[in-house]
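Have a look at the structure below before the remarks.
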Amino acid sequence: MDGVISVTIGENAIIPFHRPGSKEKLFFLSSGIIVSIPLTLFVSAFSNHFCFLLPVLYGEMCATAIFAPFIEEFAKVYPLFYRHGETERSIFTLGFLVGLGFGITEFLIYVIGAGAPIYIRLPGIFFHAASTSITSYGVAIKRAVPFYLVAVLFHLLYNFFTFLGPLWLIGGPVALIIVYYLSWYLYGKTRERLVI
């Protein structure tokens with residue numbers, strides 16, 4: 001079987017050991033664009049209706065700082081739930097790539113579509129990659145919900161600080177650095193151990 005390693009579970013189930021190649025990694029990077037972005041936009045259209053009774057600034061804060069982190073973090077990790085025969089490290093890497101695809105698309109939407117300055121939106125590319133990898137680590141170790149909530153919490157804080165204008169410099173970089181560090185730390189904890 002051309003070097004394929006498999007694990008037998010029970011008497012009848014065989015899970016082949018799978019290591020994603022460059023085409024599959026490109027697919028997951030693309031799924032951050034073709035799956036996660038549309039799913040986010042679709043669900044966000046409904047969540048915005050929950051906030052419409054609030055005054056404009058509070059309504060926007062409600063939709064962006066509260067609902068968006070829950071929606072985006074789920075939409076970004078969604079493509080990983082069908083994976084099988086992966087290692088902890090490959091699930092983490094694929095999650096990072098989905099988040100990177102999402103972050104690049106969001107960057108282009110804000111910079112080209114809304115005219116946001118490049119230097120303001122650039123950290124968000126890697127923020128999305130790092131926060132998705134945090135949830136991906138949870139998927140890999142079969143504890144998706146707690147790690148999803150950690151990613152949502154830091155996403156919520158990051159988005160909240162963007163509403164504070166120049167005061168973003170107080171908490172925004174802190175949330176950014178913590179998410180980057182946590183992603184790097186969790187990557188170091190992943191192993192080439194099969195996730196069953």
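The values are calculated or read from the model by the stated rules, or taken from the named source; none is laboratory data. Everything numeric here is computed off the predicted structure, so don't read it as measured data. Quick reminder, even Gly has a Cβ in these numbers, built from the backbone with ideal geometry, and neighbours come from all protein chains shown.
Within the set L167, L186, the sole residue that is in contact with a helix residue (DSSP H, G or I) (Cβ under 9 Å, 6 or more places away or on another chain) and more than 19 Å from I91 (Cα to Cα) turns out to be L167.
Taken over the range 94-124, residues that are within 11 Å of the chain's Cα centre (by Cα) and of a type in the set (S, T, N, Q) amount to 0.
Yes/no matrix, rows are residues, columns are (1) surrounded by 17 or more Cβ atoms within 10 Å (Cβ to Cβ); (2) in contact with a helix residue (DSSP H, G or I) (Cβ under 7 Å, 6 or more places away or on another chain); (3) modelled with pLDDT under 65:
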{"position": "E24", "(1), (2), (3)": "no, no, no"}
{"position": "L29", "(1), (2), (3)": "yes, yes, no"}
{"position": "L39", "(1), (2), (3)": "yes, yes, no"}
{"position": "V56", "(1), (2), (3)": "no, no, yes"}
{"position": "I71", "(1), (2), (3)": "yes, yes, no"}
{"position": "K76", "(1), (2), (3)": "yes, yes, no"}
{"position": "Y82", "(1), (2), (3)": "no, no, no"}
